[in-house]
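The values are calculated or read from the model by the stated rules, or taken from the named source; none is laboratory data. Everything numeric here is computed off the predicted structure, so don't read it as measured data. Cβ atoms come from the backbone with ideal geometry, glycine included; neighbour counts cover every protein chain shown.
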Amino acid sequence: MANLNINAKKKNTYDAIVIGSGISGGWAAKELCENGLKTLVLERGREVKHIEDYPTATKHPWEFEHRGQVPLAVREAYGRSFLREETLHWAIKADEQPFVQEKPFTWTRGYHVGGKSLLWARQTQRWSDFDFEGPARDGYAIDWPIRYADIAPWYSHVEKFAGISGNKDGLPHLPDGEFLPPIELNCVEQHLQGVLAKNYTDRQLIQGRCAHITSPQPIHLQQGRGKCQHRNLCNRGCPFGGYFSANASTLPWAAKTGKMTLRPDSVVHSIIYDEKKGKASGVRIVDAHSKEMIEYYAKVIFVNAGAVNSNMILLNSISERFPTGLGNDNGLLGKYFTCHNYRGKANAQVEGFLDKTTSGKNPSNGYIPRFRNVLKQDTDFYGVLHRDWSWPWHEHQPGWHRGRPEAAIDPSPTRQLECERLDARRVCAH
Amino acid sequence: MHRRKSIKNIALLAGGLIALPSWAKAWSLESLPLVSAPLNPAAQNTLALIIETIIPESDIKGAKSLGVPAFINLMLADCYDKKTVDNVEKGLAAVESLATTKYQQNFTNLATPQKEELLLSLEKGSDTNLKDFYSLIKNLTIQGYTTSEYVQTTFLKYEMAPGHYHGCVPVKS
């Protein structure tokens with residue numbers, strides 16, 4: 001019996017365990033495997049294989065029964081407003097994991113292999129010393145234990161592999177990186193860029209740095225990824241590997257080493273704490289189908305489960321040493337974490353430019369780096385409330401864009417085709 | 001949609017698709033009567049005429065031949081709440097009664113300019129319910145029309161994978 005237990009334990013022992021297969025989990029898996037560690041990657045959701053598990057990736061607009069709109073009955077099951085027919089397979093139904101919203105909270109969850117790396121907006125701006133030094137300089141919160149210089153080489157390491165497009169703008173508060181050619185700004189963005197340059201010395205509009213391959217390098221081709229095709233259908237999953245996702249990039253790279261074991265449908269229950277050694281020694285999972293509880297062991301454990309779930313796992317990891325959750329001596333676990341803020345919005349309408357248009361689609365956007373509280377405290381709040389403005393400029397060529405036409409109907413279809421050019425162009429932002 | 005589901009279920013019971021007669025496989029969105037459509041046949045007929053008036057057939061295809069009426073019935077059945085659909089029903093009845101009051105005829109029998117005039121009067125009128133009704137049907141007509149394969153590929157230079165992005169080019173290029 002004793003031998004059997006030892007064998008079972010050995011079978012379930014790895015050099016490292018990574019919890020979560022999204023952006024950071026994928027990176028952890030790649031780095032650990034490349035360095036020769038036998039790594040177990042745990043994912044609570046289903047398997048999503050690059051290309052073959054993107055069911056809508058090459059569908060035409062007319063192939064969607066409701067042209068993208070999700071039927072009411074289906075919508076109710078998900079209990080949230082933003083849903084599309086094209087990407088419904090990534091969404092979580094409300095009763096799958098109910099939660100209390102005291103204030104509106106859009107909890108974007110990616111419960112599948114690749115996680116939110118399939119759903120993200122692919123904006124990849126670097127932090128600068130203005131960000132790292134903010135708390136110490138302005139006297140709030142706790143000083144960061146690192147500075148930009150510590151992390152800059154790692155930014156480069158990641159950027160080269162992921163493929164980041166951008167322009168070298170030479171801004172101290174938004175450092176340049178290892179950039180592939182930038183994506184052009186449109187006429188209106190170029191205009192605003194000029195207006196800002198003329199009127200301000202501290203405000204710029206630049207090409208957002210984004211995780212899209214605009215000119216594939218050997219390292220990208222080795223991953224089986226190619227040039228961004230400017231389809232703007234990214235969230236369906238990109239069969240070209242044009243943007244960075246764990247599915248297209250880090251996970252297959254880790255798998256190629258032969259060191260990775262990926263276990264989807266594995267909901268992590270808690271981290272096992274060895275009271276004698278005073279160390280975390282493994283992970284308890286519940287198999288999503290069999291409901292069986294299984295333990296895995298490793299010396300190195302990475303928790304990459306996203307802001308909310310990483311906290312939940314630690315809170316659930318109760319031991320004699322940590323009765324309120326692993327590492328929760330200060331009682332801060334599950335509090336003061338942050339998710340993406342979607343609530344700040346501004347929009348504007350720009351007249352003119354009616355003789356100009358765009359060709360192909362821009363998967364990125366213009367970007368206005370932070371300009372408050374940079375060199376001096378010029379507001380009544382500390383740090384940065386809105387760090388930057390990321391502007392997805394939707395060009396509404398009225399009548400014809402995105403299936404929600406705004407042009408006045410004219411009974412003649414021929415004339416209607418012309419009203420594309422007759423309206424002002426609208427730009428909006430979040 | 002229930003009907004389609006039933007057909008599928010029957011097919012499964014009957015031992016799979018192979019056992020299906022040819023008619024069962026030959027249906028399309030256009031040919032299939034939408035049993036669950038919220039509108040009665042007369043209302044559907046008025047709706048189809050409105051859609052046809054908004055984007056008629058000409059030297060290019062119109063909304064009717066691109067199956068827009070079936071699309072809108074489907075959207076009304078699946079994607080809109082009862083209040084909106086009720087307003088559409090009332091709007092369609094109002095169109096018929098306006099036709100009778102103004103022209104002493106059914107909407108079906110009106111000449112195209114009269115139909116256009118009547119519809120534009122809804123858009124310009126002061127009745128917000130009628131405006132909402134017309135605006136919804138108009139937008140759905142444009143949506144169904146412009147997202148069709150024919151319009152996308154013939155007029156809108158639809159490309160699944162453009163492969164490039166130019167930010168600022170002349171409209172006529």
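Which of the residues belonging to the stretch B:156-173 are among the aromatic types (Phe, Trp, Tyr) and surrounded by fewer than 16 Cβ atoms within 10 Å (Cβ to Cβ)?
The initial filter retains those residues of the stretch B:156-173 that are among the aromatic types (Phe, Trp, Tyr), namely B:158, B:165.
Listed by number, the list holds a single entry, B:Tyr158.
Quick check on my filter: what residues within the stretch B:145-156 are more than 7 Å from every other protein chain (Cβ to nearest Cβ) and not aromatic (Phe, Trp, Tyr)? Give the steps one after another, and end with the answer.
Here is the first cut: in the stretch B:145-156, the residues more than 7 Å from every other protein chain (Cβ to nearest Cβ) are B:145, B:150-151, B:153-154.
Selection gives B:Val151, B:Thr153, B:Thr154.
If a residue must be on the phi < 0 side of the Ramachandran plot, modelled with pLDDT of 95 or more and either surrounded by 14 or more Cβ atoms within 10 Å (Cβ to Cβ) or not polar (S, T, N, Q) (or both), how many such residues does the stretch A:1-41 contain?
Adding up the residues that qualify gives 27.
Please specify each residue of the stretch A:139-171 satisfying the condition of being within 25 Å of A:Cys228 (Cβ to Cβ) and not small (Gly, Ala, Ser). Let's see the steps before the verdict.
Step one: of the stretch A:139-171, the residues within 25 Å of A:Cys228 (Cβ to Cβ) are A:154-171.
Hits for the stretch A:139-171 are A:Trp154, A:Tyr155, A:His157, A:Val158, A:Glu159, A:Lys160, A:Phe161, A:Ile164, A:Asn167, A:Lys168, A:Asp169, A:Leu171.
How about the stretch A:206-234: which of its residues are outside any loop (DSSP other than H, G, I, E, B) and surrounded by 19 or more Cβ atoms within 10 Å (Cβ to Cβ)?
If the condition is that a residue be outside any loop (DSSP other than H, G, I, E, B) and surrounded by 19 or more Cβ atoms within 10 Å (Cβ to Cβ), then A:Ile206, A:Gln207, A:Cys210, A:His212, A:His220, A:Cys234 are the ones that fit.
Give me the pairs, please: first residue somewhere in the stretch A:302-330 and among the charged types (D, E, K, R), second residue anywhere and surrounded by fewer than 17 Cβ atoms within 10 Å (Cβ to Cβ) and not in a strand (DSSP E or B), beta-carbon distance under 8 Å, and either six or more positions apart or on two chains.
What qualifies is A:Glu320/A:Glu275; A:Arg321/A:Glu275; A:Arg321/A:Gly278.
Look through the stretch A:182-212, keep the residues that are within 14 Å of chain B (Cβ to nearest Cβ) and free of Cβ contacts under 8 Å to residues at least 40 places away in the same chain, and return whichever of them is farthest from the chain's Cα centre (by Cα).
So the first thing to find is which residues in the stretch A:182-212 are within 14 Å of chain B (Cβ to nearest Cβ), and the list is A:182-194, A:205-208, A:210, A:212.
With the extra rule that they be free of Cβ contacts under 8 Å to residues at least 40 places away in the same chain, the set shrinks to A:182, A:190, A:194.
Values: A:Pro182: 20, A:Gln190: 27, A:Gly194: 30 Å.
So the residue we want is A:Gly194.
Given (1) away from chain A (no Cβ under 14 Å); (2) farther than 28 Å from A:His60 by Cβ, where does B:Gln44 come up short, assuming only one miss?
(2)
I need the helices (runs of 4 or more DSSP H) fully contained in the stretch A:1-106, keeping only those with at least 1 residues that are within 14 Å of chain B (Cβ to nearest Cβ) and under 30 Å from A:Ser290 (Cβ atoms). Step through it out loud before you land on a result.
On the way: elements: A:2-11, A:23-34, A:72-78.
By residue number, A:72-78.
Do you know which of the residues in the stretch B:134-173 that are of a type in the set (Ser, Thr, Tyr) and part of a helix (DSSP H, G or I) is nearest to B:Val95 (Cα to Cα)?
Our first condition is that a residue be of a type in the set (Ser, Thr, Tyr); within the stretch B:134-173, this holds for B:134-135, B:141, B:145-148, B:150, B:153-154, B:158, B:165, B:173.
Narrowing further to those that are part of a helix (DSSP H, G or I): B:134-135, B:141, B:145-146, B:150, B:153-154.
Values: B:Tyr134: 10, B:Ser135: 14, B:Thr141: 17, B:Tyr145: 22, B:Thr146: 25, B:Tyr150: 30, B:Thr153: 34, B:Thr154: 33 Å.
The qualifying residue nearest to B:Val95 (Cα to Cα) is B:Tyr134.
I'm checking my understanding of the structure. Among residues of the stretch B:157-173 that are facing chain A (nearest Cβ under 7 Å) and in contact with an Asp or Glu (Cβ under 9 Å, 6 or more places away or on another chain), which one is nearest to A:Asn232 (Cα to Cα)?
Applying the first criterion (facing chain A (nearest Cβ under 7 Å)) to the stretch B:157-173 yields B:160-171.
Next cut, in contact with an Asp or Glu (Cβ under 9 Å, 6 or more places away or on another chain) only: B:165-168, B:170-171.
Working: B:Tyr165: 11, B:His166: 14, B:Gly167: 14, B:Cys168: 17, B:Pro170: 21, B:Val171: 21 Å.
Only one residue fits best here, namely B:Tyr165.
All but one of (1) over 14 Å from the mean Cα position of the chain (by Cα); (2) under 26 Å from A:Arg231 (Cα atoms) hold for A:Ala136; state the number of the condition that does not hold.
Looking at each condition in turn, A:Ala136 falls short on (2).
Determine which member of the set A:Pro153, A:Pro182 is surrounded by 14 or more Cβ atoms within 10 Å (Cβ to Cβ) and at pLDDT 95 or above.
Working: A:Pro153 fails: surrounded by 14 or more Cβ atoms within 10 Å (Cβ to Cβ).
Residue meeting the stated conditions: A:Pro182.
Matching residues to (1) within 24 Å of A:Asn167 (Cα to Cα); (2) free of Cβ contacts under 8 Å to residues at least 60 places away in the same chain:
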position	(1), (2)
A:Thr214	yes, yes
A:His220	yes, yes
A:Arg225	yes, no
A:Cys228	yes, no
A:Phe240	yes, yes
A:Lys256	no, yes
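For a quick check of your reading of the model, give me the residue pairs whose first member lies in the stretch B:98-112 and is in the same structural domain as B:Ala48 (by TED's automatic domain parsing) and of a type in the set (Val, Ile, Thr), whose second is at pLDDT below 95 and surrounded by 14 or more Cβ atoms within 10 Å (Cβ to Cβ), with beta-carbon atoms closer than 6 Å and at least 6 apart or on different chains.
none
Please determine, by comparing only the residues of the stretch B:134-144 that are crowded, with 17+ Cβ neighbours inside 10 Å and more than 8 Å from chain A (Cβ to nearest Cβ), which one is farthest from A:Thr358 (Cα to Cα).
Only one residue tops the list, namely B:Tyr134.
With the requirement that a residue be assigned to a strand (DSSP E or B) and in contact (Cβ under 8 Å) with a residue 40 or more places away in the chain, what does the stretch A:273-294 give you? Spell out how you get there, then give the answer.
Taking the stretch A:273-294 first, the residues assigned to a strand (DSSP E or B) are A:273-274, A:279-287, A:293-294.
Passing the criteria: A:Tyr273, A:Ala280, A:Gly282, A:Val283, A:Ile285, A:Ile294.
Against the conditions (1) surrounded by fewer than 17 Cβ atoms within 10 Å (Cβ to Cβ); (2) modelled with pLDDT under 95; (3) under 24 Å from the mean Cα position of the chain (by Cα), where does A:His173 fall short? Just the number, please.
Going through the list (1) surrounded by fewer than 17 Cβ atoms within 10 Å (Cβ to Cβ); (2) modelled with pLDDT under 95; (3) under 24 Å from the mean Cα position of the chain (by Cα), A:His173 breaks only (1).
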